[in-house]
Amino acid sequence: MKRQTAKEPKPIYVIGHRNPDTDSICSAIGYAHLKQELGVNALPARAGQINPETKYALEHFRVDPPHLITDLYPRVKDVALDCRIVVRQHDTLRRLGEIMRENDLKSIPVTDSKGVLVGIVTVSDLARRYFQELGMQNLADMRVRFRDIIHATDSKVLVSGDEGETIKGNVRIGAGSVDTIREVINEHDIVLIGDRHPDTLRVVLEQGIDCIIVTGNGQVPHEIIEEAQGKNIFVLSSPYDTYTCGRLINQCVPVRRIMHENPVCFKPLDLLSDIKGAMDETNYRNYPVIENGQLVGLISKDNLMMPERERVILVDHNERGQAVEGIEEAKILEIIDHHRLGGIQTSEPIFTRQEPVGCTATIVANMHWHRDIDIPPSIAGVLLSAILSDTVLFKSPTCTQKDKDTAMRLADIAGVDVNEYGLNMLKAGAKLGNKTPGEIVKTDMKEFLIGDYRIVVSQISVMDFKEVMDMEDKLIESMNEVCKKDGFDMSIMMVTNIIEEATNLLFTGSPRTLIGEAFKKDASGTHVYLPGVMSRKKQVIPPLSEAVKRINVN
């Protein structure tokens, strides 16, 4: 058995924003590939479900979706130790003591033969058992086996039998006169006896015992061995004296007799914040961690003091409100982004790469080439997909010449036609399918703090306004629910027509004057039509930010 050991170092997660779009997913995949090529154990991750457009891109280039992470709050799995040392419920107390001594342990989980946790035993339990011993223990009802006694007393087997058979009688000491022996010893007993006269040994055998243990390496006459064989009686020879053998036999009691049954257990995904109360109430040294009934680790209060934080690299966002839940509990190593600076604070300097381009994937691709790292066709394909999505096939005002040049180079590597592939991908993303109004309003949703207002802005691309605008009332209702549930001042949804290159901007919440001030439109209804508007980053957030300043001045 091995000592409990710490888990292997966790990977660095490369992750985009909540309610991820194609850039958020594909840039995470691309940047994780770059870090892996540089020898870093990085894995792509996502903070939400994959939309139809992204799904089309990943399936087209046969790339697996990133690992889903719902939050970064510390959990039991982050601090639990691997538990490779256990005892079985039928193991003896002597075996338990040996394991504790050899491995310097204070507590050990107890499992059944199938590895299912049945209890936990501590060194205090073992010590309590020792001090409670007042004499020879009755082993008849404890399912102690002959092999347990043989092992405990380090005996040499002179006459053997079924070592797996359980003991039926008591342990007796064959001392005193022959009459005393006849009076004390009963059928099926285990008898400890020193180097006695053959006649005395013969009297012991006549009592119908199951086993005789000759202590102190005493000599056993040949005729006694033959007689024991004829009566199917175990004959053992132990190097220890009678007193020591008695104490060792007392240690043949199975662990299940002193273990704590039904111990307080936790699961790997339990939040550390949720288990502290249970620990304070019970105050045990260690707690088993189980999954599907199987023991997978141990956790102690000491582990809670300094939990290992998740290490993350943020792509396609840098605002706390857009980041995965629990980002404040993680260690941010890098930020790769193409948006405005949004105020995430770190405890120490980190590497950042932010450029005024139309897509984070443009930055990621060029970082590959800057380091002379080849981009495989599949990775090139998903990075291309991100650029075509964020720039809406180069129609968005955020699109730069660098985006176009990067896309063409990636298309050449991926072996696709930019316009044909891009249009098919955008069409796939424009299909509503079976989406509910509640799901539609959360498409590519991002949170912004504009002035003193918490505003959430989502965006969905369509080929035709009608399908979405026909359900405007239900969409507004869902947007109101978002504001009420999450405490936003306003909810805004961009319904962007790829063909028409225009946006219907749906809005709810307050101050409604913000919409009119930002876009110089009549905001008395629930939406405004914005021709030529396709970019949230460049054509919606900046006007709202300036409008807030003017409203506050007035």
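Summary of computed values
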quantity: Signed unit charges on C-beta, dipole axis of the chain, positive-most listed residue I29, S545, A278; calculated: S545
quantity: Sequence-distant residues sharing a close amide H with T111 (under 5 Å, placed H); calculated: V87, R88, Q89, V118
quantity: Approximate spin-label separation T244-K549, in nm, with each point projected 7 Å along Cα-to-Cβ; calculated: 9.0
quantity: Total charge dipole magnitude, the range 433-535, about the Cα centre, Cβ charges on Lys, Arg, Asp, Glu only, Debye to nearest 20; calculated: 200
quantity: Efficiency of FRET from Cβ geometry, R147 and E325, R₀ 51 Å, rounded to 0.05; calculated: 0.40
quantity: Fraction of the pair-distance distribution of the range 214-326 above 25 Å, Cα-Cα pairs, percent; calculated: 60
quantity: Gain on full stretching of the segment that runs from E206 to K267 - 0.36 nm per residue minus C-alpha separation; calculated: 16.3 nm
quantity: Relative contact order of the range 21-161, defined on C-alpha pairs under 8 angstrom at six or more residues apart (%); calculated: 14
quantity: Value of relative contact order over the chain, rounded to a whole percent, pairs C-alpha under 8 Å and six or more apart; calculated: 15
quantity: Percent of beta bridges antiparallel (DSSP, the range 61-190, rounded to nearest 5); calculated: 65
quantity: Set of aspartates and glutamates near K267 by C-alpha distance (under 12 Å), chain-local residues within fewer than 8 positions excluded; calculated: D78, E291
quantity: Under the Karplus curve 6.51 cos²θ - 1.76 cosθ + 1.60, θ = phi - 60°, whole-Hz ³J(HN,Hα) for the range 147-161, x wherever Gly or Pro sits; calculated: 5, 5, 5, 4, 5, 5, 9, 6, 7, 8, 8, 8, 10, 9, x
quantity: Label-point separation in nm, K276 to K106, each point 7 Å along Cα→Cβ; calculated: 2.0
quantity: Given charges at beta-carbon only (K, R positive; D, E negative), |dipole| of the range 247-370 in Debye; calculated: 680
quantity: Diffusion coefficient, µm² s⁻¹, Stokes-Einstein with Kirkwood Rh over alpha-carbon pairs of the range 390-506 at 37 °C and 0.692 mPa s; calculated: 208
quantity: Kirkwood Rh in Å, taken over the chain so that all alpha-carbon pairs contribute; calculated: 29.1
quantity: Links that overshoot a 31 Å alpha carbon limit, given the list K35/K485; K55/K114; K474/K520; calculated: K35/K485; K55/K114
quantity: Residue-averaged [θ]222 nm for the chain, counting only DSSP H segments that reach four residues, each worth -39500 (n - 2.57); calculated: -10500 deg cm²/dmol
quantity: Sequence-distant residues sharing a close amide H with E163 (under 5 Å, placed H); calculated: none
quantity: Cut-off under 5 Å, modelled amide H: who pairs with L192 long-range; calculated: R172, I173, G174, I213
quantity: Contour minus Cα-Cα distance for I373 and E291 (0.36 nm per residue); calculated: 25.4 nm
quantity: Computed magnitude of the charge dipole of the chain (debye, nearest 20; Cβ of K, R +1, Cβ of D, E -1); calculated: 760
quantity: J(HN,Hα) series, the range 435-452, from Karplus relation 6.51 cos²θ - 1.76 cosθ + 1.60, nearest Hz, glycine and proline x; calculated: 5, 7, x, x, 6, 5, 5, 9, 5, 6, 7, 9, 9, 9, 9, 10, x, 9
quantity: Residue among P268, C245, I213 farthest towards the positive dipole end of the range 184-279, charges placed on Cβ; calculated: P268
quantity: Length added when fully stretched, L341-N283, from 0.36 nm per residue minus Cα-Cα; calculated: 16.3 nm
quantity: Amide N of the range 107-128 lying under 16 Å from the label point, which is placed 7 angstrom from the Cα of H260 along Cα→Cβ; calculated: 107-111, 117-128
quantity: Where labels lie 7 Å past Cα in the beta-carbon direction, separation of A127 and L38 in nm; calculated: 5.2
quantity: Sum of side-chain charges, V324 neighbourhood, beta-carbon under 11 Å (Lys, Arg +1; Asp, Glu -1); calculated: -2
quantity: Sequence-separation-based contact order of the range 425-498, relative, with Cα cut under 8 Å and 6+ spacing, percent; calculated: 36
quantity: Descending semi-axes in Å of the range 7-158, equivalent ellipsoid built from Cα gyration tensor; calculated: 55, 15, 15
quantity: Cα centroid separation, the range 80-125 to the range 365-427 (Å); calculated: 57
quantity: Straight-distance crosslink candidates among lysines, where the alpha carbon sits under 25 Å from K168 and sequence neighbours closer than 8 are dropped; calculated: K156, K231
quantity: Three-way shape call for the range 160-218 based on the alpha-carbon gyration tensor, with the a/c threshold at 1.5; calculated: oblate
quantity: Kirkwood-based shape ratio for the range 184-253, expressed as Rg/Rh from alpha carbons; calculated: 0.94
quantity: Accessible area per residue in Å² at 1.4 Å probe, computed on the chain; calculated: 46
quantity: Accessible surface of the chain [probe 1.4 Å, protein heavy atoms]: carbon and sulfur percent; calculated: 47
quantity: Dipole of the range 273-325 [Lys/Arg +1, Asp/Glu -1 at C-beta], most positive-end residue of V324, V312, V296; calculated: V296
quantity: Karplus 3J(HN,Hα) series, Hz, for the range 499-513 with 6.51 cos²θ - 1.76 cosθ + 1.60 (x for Gly, Pro); calculated: 6, 7, 6, 8, 9, 8, 9, 8, 8, 8, x, 8, x, 5, 4
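The values are calculated or read from the model by the stated rules, or taken from the named source; none is laboratory data. Note that the structure is a prediction, hence the values are computed from the model and not measured. FYI the Cβ positions are ideal-geometry reconstructions off the backbone, even for glycines, and counts take in every protein chain you see. Protein only, heavy atoms only, side chains kept; ligands, DNA and RNA dropped before computing areas. Shrake-Rupley method; radii C 1.70, N 1.55, O 1.52, S 1.80 Å.
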